[in-house]
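I have placed the structure first, in the form of structure tokens, so that the comments after it can refer back to it.
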Amino acid sequence: MKKGDIICPECKAGIRRIELNSRKGHAGEFRCPLCNCLLEISDGSTEIAYRLTVAPEKLFE
């Protein structure tokens, strides 16, 4: 299992990424849930889970 964080280059949202090598996932792409910016393309060889952890401050202004 690998843990890491992704920062969206467009809106600066923080997203936690967890990758499980022991499970097959689905091929596809992951986009920022706030601004729809493409963040990652997956081939489906591993299971990947994402969770929004830090929303940009400008959303709360």
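The values are calculated or read from the model by the stated rules, or taken from the named source; none is laboratory data. What you see is a predicted model, and the numbers here were worked out from it, not measured in a lab. Don't worry about glycine lacking a Cβ; one is built from the backbone with ideal geometry, like all the others, and counts go over all protein chains shown.
Taken over region 28-61, the residue count meeting the criterion of being in a loop (DSSP other than H, G, I, E, B) and either exposed (fewer than 10 other Cβ atoms within 10 Å of the Cβ) or of a type in the set (Asp, Glu) (or both) is 2. Among residues that are modelled with pLDDT of 95 or more, within 15 Å of Thr53 (Cα to Cα) and over 10 Å from the mean Cα position of the chain (by Cα), Lys12 is not included. Going by the conditions given, is Gly25 assigned to a loop (DSSP other than H, G, I, E, B), surrounded by 14 or more Cβ atoms within 10 Å (Cβ to Cβ), small (Gly, Ala, Ser) and touching a Gly at 6+ places or on another chain (Cβ under 8 Å)? In short, yes. Scanning region 19-55 for residues that are in contact (Cβ under 8 Å) with a residue 40 or more places away in the chain and not polar (S, T, N, Q), we see that the one that is nearest to Lys3 (Cα to Cα) is Tyr50.
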